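K.L.:
Quick one: this structure, given as C-alpha coordinates, is what I'll be asking you about.
The values are calculated or read from the model by the stated rules, or taken from the named source; none is laboratory data. Worth saying up front: this structure is predicted, and the values here are computed from it rather than measured. Neighbour counts run over all protein chains shown; Cβ positions are idealised from the backbone, glycine included. These area figures cover heavy atoms from the full protein model, side chains too; ligands, DNA and RNA do not enter into them. Shrake-Rupley method; radii C 1.70, N 1.55, O 1.52, S 1.80 Å.
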Amino acid sequence: MSRLLCLLIFPLVFISSLPAQDKKPEPKKEPPPKLLYAVPLVAEPGKKQKLALRGKSLAMVKEVKVSGSEDAKLKFLGAKAVGVPGNYPADRVGDSEVEIELELPKDTKPGAVKLTAVSASGESNAYTLLVRDELPTVAEKEDNGGFDTAQAIPLPCAVEGTIKSERDVDVFKFEGKKGDKVKIEVQASRFGSPVDGFLTLYDSDRKVIDSSDDVTGSSDPVLTVALPKDGTYFIALIDAHDLGGPNFGYRLVVK
Ligand SMILES: [Ca+2]
Ligand SMILES: [Ca+2]
(Lines give C-alpha, C1' and ligand atoms only; values in the text may rest on other atoms or scores of the structure.)
(Ligands and ions follow the chains in the order given, each with its own letter.)
Protein backbone atom coordinates (compact mmCIF):
# COMPACT_ATOMS: atom_id res chain seq x y z
CA MET A 1 0.00 0.00 0.00
CA SER A 2 1.36 3.37 -0.91
CA ARG A 3 1.97 5.84 1.89
CA LEU A 4 -0.51 8.28 0.42
CA LEU A 5 -3.31 5.68 0.35
CA CYS A 6 -2.43 4.74 3.92
CA LEU A 7 -2.85 8.36 5.02
CA LEU A 8 -6.20 8.57 3.29
CA ILE A 9 -7.58 5.34 4.71
CA PHE A 10 -6.32 5.69 8.27
CA PRO A 11 -8.62 8.55 9.35
CA LEU A 12 -11.64 6.72 7.92
CA VAL A 13 -10.81 3.57 9.87
CA PHE A 14 -10.28 5.65 13.00
CA ILE A 15 -13.58 7.51 12.67
CA SER A 16 -15.62 4.41 11.94
CA SER A 17 -14.17 2.64 14.98
CA LEU A 18 -15.32 5.35 17.42
CA PRO A 19 -17.94 4.20 19.95
CA ALA A 20 -21.49 4.82 18.71
CA GLN A 21 -22.40 7.22 21.56
CA ASP A 22 -19.70 9.68 20.42
CA LYS A 23 -21.43 10.18 17.05
CA LYS A 24 -23.88 13.04 17.21
CA PRO A 25 -27.06 12.06 15.33
CA GLU A 26 -28.15 14.61 12.73
CA PRO A 27 -31.42 16.20 13.82
CA LYS A 28 -34.18 14.80 11.57
CA LYS A 29 -35.31 17.56 9.26
CA GLU A 30 -38.98 17.58 8.32
CA PRO A 31 -39.38 18.04 4.55
CA PRO A 32 -41.49 20.97 3.33
CA PRO A 33 -45.25 20.31 3.21
CA LYS A 34 -46.83 18.77 0.11
CA LEU A 35 -50.46 19.29 -0.88
CA LEU A 36 -52.09 16.43 -2.81
CA TYR A 37 -55.88 17.00 -2.94
CA ALA A 38 -58.91 18.55 -1.30
CA VAL A 39 -61.81 16.79 0.45
CA PRO A 40 -64.37 17.44 -0.90
CA LEU A 41 -62.50 17.53 -4.21
CA VAL A 42 -64.69 20.21 -5.81
CA ALA A 43 -65.10 23.72 -4.36
CA GLU A 44 -68.26 25.74 -4.89
CA PRO A 45 -67.85 29.48 -5.57
CA GLY A 46 -70.03 31.91 -3.62
CA LYS A 47 -70.33 29.67 -0.57
CA LYS A 48 -68.44 29.37 2.72
CA GLN A 49 -67.17 25.79 2.94
CA LYS A 50 -64.87 23.61 4.99
CA LEU A 51 -62.14 21.79 3.08
CA ALA A 52 -59.62 19.23 4.33
CA LEU A 53 -56.38 19.40 2.35
CA ARG A 54 -54.64 16.03 2.29
CA GLY A 55 -50.93 15.59 1.68
CA LYS A 56 -47.58 14.86 3.28
CA SER A 57 -45.75 16.65 6.11
CA LEU A 58 -48.83 18.77 6.79
CA ALA A 59 -49.18 18.16 10.56
CA MET A 60 -46.96 21.16 11.44
CA VAL A 61 -48.54 23.55 8.93
CA LYS A 62 -49.44 26.91 10.50
CA GLU A 63 -50.83 28.80 7.51
CA VAL A 64 -52.50 28.25 4.13
CA LYS A 65 -52.24 30.94 1.45
CA VAL A 66 -54.67 31.41 -1.43
CA SER A 67 -53.74 33.01 -4.76
CA GLY A 68 -55.55 33.67 -8.04
CA SER A 69 -58.59 35.26 -6.40
CA GLU A 70 -58.15 38.59 -4.64
CA ASP A 71 -61.48 38.44 -2.83
CA ALA A 72 -61.18 34.86 -1.55
CA LYS A 73 -61.53 34.52 2.23
CA LEU A 74 -59.53 31.76 3.89
CA LYS A 75 -59.46 30.77 7.55
CA PHE A 76 -56.93 28.26 8.90
CA LEU A 77 -58.67 25.77 11.21
CA GLY A 78 -55.99 23.23 12.13
CA ALA A 79 -53.58 20.51 11.03
CA LYS A 80 -52.99 16.90 12.06
CA ALA A 81 -51.46 13.57 11.09
CA VAL A 82 -53.88 10.95 9.74
CA GLY A 83 -53.55 7.17 9.44
CA VAL A 84 -52.83 5.46 6.12
CA PRO A 85 -54.31 1.95 5.62
CA GLY A 86 -51.49 -0.60 5.26
CA ASN A 87 -52.17 -1.52 1.63
CA TYR A 88 -52.54 2.12 0.46
CA PRO A 89 -49.74 4.22 -1.03
CA ALA A 90 -49.08 7.19 1.32
CA ASP A 91 -47.74 9.15 -1.66
CA ARG A 92 -51.22 9.01 -3.22
CA VAL A 93 -53.57 9.20 -0.23
CA GLY A 94 -51.47 11.47 2.04
CA ASP A 95 -50.49 10.97 5.70
CA SER A 96 -51.65 14.31 7.13
CA GLU A 97 -54.19 17.05 6.56
CA VAL A 98 -54.94 20.73 7.03
CA GLU A 99 -58.45 21.99 7.59
CA ILE A 100 -59.52 25.36 6.21
CA GLU A 101 -62.67 27.39 5.73
CA LEU A 102 -62.79 28.92 2.27
CA GLU A 103 -65.15 31.36 0.62
CA LEU A 104 -64.56 32.00 -3.09
CA PRO A 105 -66.27 34.85 -4.94
CA LYS A 106 -69.17 33.76 -7.19
CA ASP A 107 -67.29 34.67 -10.39
CA THR A 108 -64.23 32.51 -9.60
CA LYS A 109 -62.82 31.00 -12.80
CA PRO A 110 -62.05 27.24 -12.80
CA GLY A 111 -58.28 26.65 -12.65
CA ALA A 112 -57.47 30.08 -11.22
CA VAL A 113 -57.31 29.37 -7.49
CA LYS A 114 -54.15 27.92 -5.99
CA LEU A 115 -53.46 26.97 -2.37
CA THR A 116 -50.06 26.83 -0.66
CA ALA A 117 -49.38 25.40 2.82
CA VAL A 118 -46.64 26.91 4.98
CA SER A 119 -44.74 25.30 7.85
CA ALA A 120 -41.39 25.99 9.59
CA SER A 121 -39.81 23.70 6.95
CA GLY A 122 -40.97 25.86 4.06
CA GLU A 123 -43.75 26.26 1.51
CA SER A 124 -45.61 23.49 -0.30
CA ASN A 125 -46.37 23.21 -4.00
CA ALA A 126 -49.14 25.49 -5.27
CA TYR A 127 -52.20 23.19 -5.43
CA THR A 128 -54.76 24.02 -8.13
CA LEU A 129 -58.21 23.71 -6.60
CA LEU A 130 -60.95 22.08 -8.70
CA VAL A 131 -63.75 24.66 -8.85
CA ARG A 132 -67.29 24.16 -10.19
CA ASP A 133 -68.02 25.63 -13.61
CA GLU A 134 -71.35 26.48 -15.30
CA LEU A 135 -72.41 22.81 -15.75
CA PRO A 136 -75.36 21.60 -13.65
CA THR A 137 -74.01 19.67 -10.64
CA VAL A 138 -75.41 16.27 -9.64
CA ALA A 139 -74.47 14.59 -6.36
CA GLU A 140 -73.69 10.90 -6.72
CA LYS A 141 -76.14 8.70 -4.83
CA GLU A 142 -75.43 5.21 -3.55
CA ASP A 143 -76.46 2.48 -4.09
CA ASN A 144 -75.57 2.77 -7.77
CA GLY A 145 -73.39 -0.31 -8.08
CA GLY A 146 -75.10 -2.09 -11.01
CA PHE A 147 -77.21 -1.71 -14.17
CA ASP A 148 -80.47 -2.21 -12.23
CA THR A 149 -79.62 0.47 -9.66
CA ALA A 150 -77.89 2.91 -12.06
CA GLN A 151 -78.33 6.59 -11.19
CA ALA A 152 -80.15 8.54 -13.93
CA ILE A 153 -78.34 11.75 -14.93
CA PRO A 154 -79.30 14.61 -17.28
CA LEU A 155 -77.03 15.77 -20.12
CA PRO A 156 -74.96 17.83 -19.80
CA CYS A 157 -73.96 17.56 -16.13
CA ALA A 158 -71.09 17.14 -13.71
CA VAL A 159 -71.44 14.40 -11.11
CA GLU A 160 -69.57 14.90 -7.84
CA GLY A 161 -68.96 11.46 -6.36
CA THR A 162 -66.79 9.18 -4.29
CA ILE A 163 -65.30 5.74 -4.83
CA LYS A 164 -66.42 5.11 -1.28
CA SER A 165 -64.71 1.80 -0.54
CA GLU A 166 -62.59 -0.89 -2.15
CA ARG A 167 -64.21 -2.32 -5.31
CA ASP A 168 -66.93 0.38 -5.34
CA VAL A 169 -68.61 0.59 -8.76
CA ASP A 170 -70.58 3.72 -9.68
CA VAL A 171 -73.06 3.29 -12.54
CA PHE A 172 -74.95 6.15 -14.21
CA LYS A 173 -77.48 6.07 -17.05
CA PHE A 174 -78.61 8.61 -19.60
CA GLU A 175 -80.87 8.69 -22.65
CA GLY A 176 -79.13 9.20 -25.99
CA LYS A 177 -79.98 9.54 -29.64
CA LYS A 178 -78.23 7.93 -32.61
CA GLY A 179 -75.39 10.14 -33.82
CA ASP A 180 -75.18 12.25 -30.61
CA LYS A 181 -71.56 13.05 -29.77
CA VAL A 182 -70.95 12.51 -26.07
CA LYS A 183 -67.79 13.28 -24.11
CA ILE A 184 -67.36 11.54 -20.76
CA GLU A 185 -64.46 12.72 -18.65
CA VAL A 186 -63.21 12.07 -15.12
CA GLN A 187 -61.54 14.90 -13.22
CA ALA A 188 -59.70 13.31 -10.31
CA SER A 189 -56.03 12.40 -10.59
CA ARG A 190 -55.19 15.72 -12.29
CA PHE A 191 -56.40 17.40 -9.10
CA GLY A 192 -54.45 15.03 -6.87
CA SER A 193 -57.36 12.70 -6.00
CA PRO A 194 -56.16 9.15 -5.23
CA VAL A 195 -58.81 7.86 -7.68
CA ASP A 196 -57.26 6.27 -10.78
CA GLY A 197 -60.49 6.22 -12.77
CA PHE A 198 -61.48 3.56 -15.30
CA LEU A 199 -64.57 4.29 -17.44
CA THR A 200 -66.72 1.88 -19.45
CA LEU A 201 -69.70 2.85 -21.62
CA TYR A 202 -72.42 0.25 -22.28
CA ASP A 203 -75.49 0.35 -24.51
CA SER A 204 -79.05 -0.66 -23.49
CA ASP A 205 -78.20 -4.33 -24.16
CA ARG A 206 -75.34 -3.94 -21.63
CA LYS A 207 -72.76 -4.47 -24.34
CA VAL A 208 -69.48 -2.53 -24.08
CA ILE A 209 -69.29 0.41 -26.50
CA ASP A 210 -65.92 1.72 -25.37
CA SER A 211 -63.65 2.05 -22.32
CA SER A 212 -60.84 4.30 -21.14
CA ASP A 213 -58.26 4.19 -18.35
CA ASP A 214 -55.57 6.86 -18.69
CA VAL A 215 -55.21 9.69 -21.15
CA THR A 216 -51.82 11.17 -22.00
CA GLY A 217 -50.07 12.58 -18.96
CA SER A 218 -52.70 11.59 -16.39
CA SER A 219 -54.57 8.67 -14.81
CA ASP A 220 -57.93 10.28 -15.66
CA PRO A 221 -60.00 8.56 -18.38
CA VAL A 222 -61.82 10.34 -21.22
CA LEU A 223 -64.30 8.82 -23.72
CA THR A 224 -65.57 10.57 -26.83
CA VAL A 225 -68.29 8.57 -28.56
CA ALA A 226 -70.81 9.01 -31.38
CA LEU A 227 -73.83 7.07 -30.06
CA PRO A 228 -74.75 4.16 -32.37
CA LYS A 229 -78.52 4.13 -31.67
CA ASP A 230 -81.37 5.68 -29.69
CA GLY A 231 -81.73 4.38 -26.16
CA THR A 232 -80.37 4.15 -22.63
CA TYR A 233 -76.61 4.19 -22.08
CA PHE A 234 -74.74 3.16 -18.94
CA ILE A 235 -71.48 4.66 -17.67
CA ALA A 236 -69.54 2.59 -15.11
CA LEU A 237 -66.71 4.19 -13.15
CA ILE A 238 -64.30 2.21 -10.96
CA ASP A 239 -60.83 2.72 -9.48
CA ALA A 240 -58.35 0.88 -11.71
CA HIS A 241 -56.66 -0.59 -8.61
CA ASP A 242 -59.95 -1.40 -6.79
CA LEU A 243 -58.98 0.97 -3.97
CA GLY A 244 -61.43 3.41 -2.39
CA GLY A 245 -62.42 5.36 0.71
CA PRO A 246 -64.20 8.48 1.89
CA ASN A 247 -61.41 10.68 0.44
CA PHE A 248 -61.55 9.13 -3.05
CA GLY A 249 -63.41 11.99 -4.70
CA TYR A 250 -64.04 12.54 -8.41
CA ARG A 251 -65.93 14.81 -10.78
CA LEU A 252 -67.51 13.05 -13.76
CA VAL A 253 -68.32 15.42 -16.63
CA VAL A 254 -70.80 14.16 -19.25
CA LYS A 255 -71.70 16.49 -22.11
CA1 LIG B 1 -69.61 5.63 -5.10
CA1 LIG C 1 -57.07 5.59 -15.00
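K.L.:
How many angstrom lie between the Cα centre of segment 162-190 and the Cα centre of segment 96-153?
P.N.:
If we compute the Cα centre of each part, the gap is 17 Å.
K.L.:
Per residue, what accessible area does segment 34-131 have, given a 1.4 Å probe and all protein chains present, in Å²?
P.N.:
Heavy-atom SASA per residue in segment 34-131 reads 48 Å².
K.L.:
With an 8 Å cut-off on Cα pairs and a minimum separation of 6 or more residues, tell me the relative contact order of segment 200-244 in percent. Before the final figure, lay out each step's value.
P.N.:
Details: 48 pairs, mean separation 18.1, N = 45.
Result for segment 200-244 is 40 percent.
K.L.:
Another one. Based on the Cβ-Cβ distance of residue 76 and residue 213, what FRET efficiency does E = 1/(1 + (r/R0)^6) give at R0 = 41 Å, to the nearest 0.05?
P.N.:
0.65
K.L.:
Now for a different question. Evaluated at 37 °C with a viscosity of 0.692 mPa s, what Stokes-Einstein diffusion coefficient in µm²/s does the chain have when Rh comes from the Kirkwood expression over alpha-carbon pairs?
P.N.:
The calculation lands on 158 µm²/s.
K.L.:
Rounded if a/c is under 1.5, else prolate if a/b beats b/c, else oblate: with a ≥ b ≥ c from the C-alpha gyration tensor eigenvalues square-rooted, which is segment 91-153?
P.N.:
oblate
K.L.:
Same structure again: If the reach is capped at under 18 angstrom between alpha carbons, list the aspartates and glutamates near residue 73, excluding any in the same chain fewer than eight residues apart.
P.N.:
Result set, ordered by chain and number: 44, 63, 99, 101, 103, 107.
K.L.:
Distance check, please: which entries in 47/80; 106/181; 109/178; 164/229 exceed 29 angstrom between their Cα atoms?
P.N.:
106/181; 109/178; 164/229
K.L.:
Expected output is a single nm value to one decimal: the length gained when fully extending between residue 49 and residue 204, i.e. 0.36 nm times separation in residues minus the C-alpha distance. What is it? Could the numbers behind the result be given before it?
P.N.:
Numbers: separation 155, 0.36 × 155 = 55.80 nm, distance 3.92 nm.
Taking residue 49 through residue 204 to full extension adds about 51.9 nm, to one decimal.
K.L.:
Averaging over every viewing direction, what projected area does the convex hull of the Cα atoms of segment 153-251 cover, in nm²?
P.N.:
Spelled out: convex hull of the Cα atoms, projected over all directions, averaged, 5.8 nm².
K.L.:
Compare the peptides 211-220, 112-121 by average per-residue count of other Cβ atoms within 10 angstrom and give them in order, highest first. Before the final figure, lay out each step's value.
P.N.:
Values: 211-220: 14.7, 112-121: 18.4.
Answer by packing, highest mean first, reads 112-121, 211-220.
K.L.:
Hey, how much of the P(r) for segment 34-131 falls beyond 20 Å, as a percent of Cα pairs? Write out the running numbers ahead of the final one.
P.N.:
Numbers: 1492 of 4753 pairs.
I get 31 percent for the Cα pairs in segment 34-131 exceeding 20 Å.
K.L.:
Report in % the part of the accessible area of segment 137-254 that belongs to carbon and sulfur, leaving out ligands and nucleic acids; probe 1.4 Å. Write down the numbers at each step before the final one.
P.N.:
On the way: 2490 of 5140 Å².
With neighbouring chains kept in place, the figure for segment 137-254 is 48 percent.
K.L.:
Please list 44, 142 from largest to smallest accessible area, probe radius 1.4 Å, with all protein chains kept in place. Working shown, then result.
P.N.:
Numbers: 44 55, 142 80 Å².
Result of the area sort, largest leading: 142, 44.
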